[in-house]
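The values are calculated or read from the model by the stated rules, or taken from the named source; none is laboratory data. Values in this document were obtained by computation on a predicted structure and should not be read as measured data. So basically every Cβ, Gly included, is an ideal-geometry build from the backbone, and we count neighbours across all protein chains shown.
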Amino acid sequence: MTMDIHAGDGRPVIIGGGIAGLMTALHLAPEPVLLLSKSALGKDASSTLAQGGLAASLGADDNPALHLADTLAAGDGLCDIHAASSIVHAAQAEIEALAGLGVRFDRDRNGAPLLGLEAAHSRHRIVHAAGDGTGRELVRALTAAVLNTPSITVATGMEARRLIVHDGAMAGVLAEAPKGPVLFATQRVVIATGGIGGLFPDTTNPLGCFGQGLALAARAGAELADMEFIQFHPTALDGPTRPMHLVSEAVRGEGAILIDEAGRRFLEGGDLAARDIVARAVWKHLAAGHKVYLDARQRPGSDFASRFPAIHAFCKNAGIDPASDPIPIRPAAHYHMGGIAVDAAGRSSVAGLWACGEAACTGLHGANRLASNSLTEAVVCSKRVAQSVAGTAVRRDRQPVAATMPPRPDPASIRPILARTLGVLRSGEDLGDAIASLLPIAQGHAAASDPAAVGLMIAIAALQREESRGAHFRTDFPPKAAVARRSRLRLDEALDAARGLPFETFPHARSA
């Protein structure tokens, strides 16, 4: 098989065409940069589906200290307080910068941003655009800006398959192009590929977002962090459509409530409790044989269509009028708090490799992301990543070597395993089952091997965390440990841990 090798000219390569990738490319201008995207910019990106908005303390009754306190409380003891403080303090300036790039935020008659309320926030601080179309509006404006920036070369239809490492540092990116394999020589790579929701059958993420960026980093030897913490959004529209339509938390922020088939409110602690609490309550109620609905008939009631036009449209397509009908919902994989371990500048443990957005683990989210902090993190950290990339020297004597192209990744066979074992509620027996099933696939060279490797790292981290904290709930270890600790793991460590497990102690595990 012939391979087109592009001689390196020092250009950084950004992998991912969502908000994190677009913003990083814009901040690097006027330095030339190559942006790789599997699809057209913004298409099939989680960013486009983001409904809620960006969290920032813009209200007269708010300040960054209050925003930080809410972030730390939601993170359940695992946030990096320095990272979190730095990001929430920078939020206002970056939102103003987005407006300067043409993002049309929703504003009141005086021109001030309209601020919404979401779960676990003590103040109205969610800045949104186009009602519930914030992600779509951000992608629109940023895509236009990128296409009008001469220093950014956009290569769509390009799927990064492997990172090439030489002497412990980045040397290239092996990608599959429409006309065949391409090897880009580069010593600076930014992973901005989104999350892992596509590893689950029930997800609000595009099905093409199944942790490819994490697999790239893991195969290159990078350290990953907090992999066990997966946020399941409690209110996805319960229907056959995949990905599942998200019914934004902002709907509950405006007064909608959770009820069952009898019209009874069943959630202790309030409908705007932290997402992990609400997701577990809904999951348990469904498991007990009930139906669960989001009731917006009273609030926002007749205002639903104007306030949430996108949600109203997909509900109507499903035969539901939110102003008169309760909306059937169930939890779905939504956001990954874990990812590639990075420092304050977005640098990973591999020289020349950065990560930004959901693929990165900055420490902001801890064990349970505070609603709408994710877009804020992406726009704030993209600037810092770009500054770090621009300030990194390039060695002219390092060139990549040709590598074998792995198969196109396909998570289809992995989804049932993760759905059964790594959902809202977990147990040691189920995690042992997952590890036994995933290990031989992760060690192979099949289409499912990269998705299996990511799933294996999640399962190992979940098995090693013998407590329930935030979005990670162990039915066999419900109490929270006295001392909070973050988890860090490399792929070789996960493989060694899996091989060393006594699978006979897991009654339901299939022998690897």
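Some values worked out for this structure:
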| item | result |
| --- | --- |
| Where residue 183 falls short, out of the listed (1) outside any loop (DSSP other than H, G, I, E, B); (2) at pLDDT 95 or above | (2) |
| Region 268-319, residues that are assigned to a loop (DSSP other than H, G, I, E, B), farther than 30 Å from residue 474 by Cβ and in contact (Cβ under 8 Å) with a residue 40 or more places away in the chain | 296, 298, 299, 300, 308, 318 |
| Flag if residue 432 is in a loop (DSSP other than H, G, I, E, B), touching a Pro at 6+ places or on another chain (Cβ under 9 Å) and touching a residue at least 60 places away in the same chain (Cβ under 8 Å) | no |
| Residue that is buried (at least 23 other Cβ atoms within 10 Å of the Cβ), small (Gly, Ala, Ser) and under 26 Å from residue 160 (Cβ atoms), where the choices are 403, 359 | 359 |
| Qualifying position, being surrounded by fewer than 18 Cβ atoms within 10 Å (Cβ to Cβ) and farther than 26 Å from residue 43 by Cβ, among 91, 120, 112 | 112 |
| Region 116-175: number of residues that are in a loop (DSSP other than H, G, I, E, B) and closer than 30 Å to residue 75 by Cβ | 15 |
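Listed here are the residues, each with its yes/no results for (1) under 16 Å from residue 371 (Cβ atoms); (2) at pLDDT below 95; (3) part of a helix (DSSP H, G or I).
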position: 34; (1), (2), (3): no, no, no
position: 52; (1), (2), (3): yes, yes, no
position: 59; (1), (2), (3): yes, no, no
position: 62; (1), (2), (3): yes, no, no
position: 72; (1), (2), (3): yes, no, yes
position: 84; (1), (2), (3): yes, no, yes
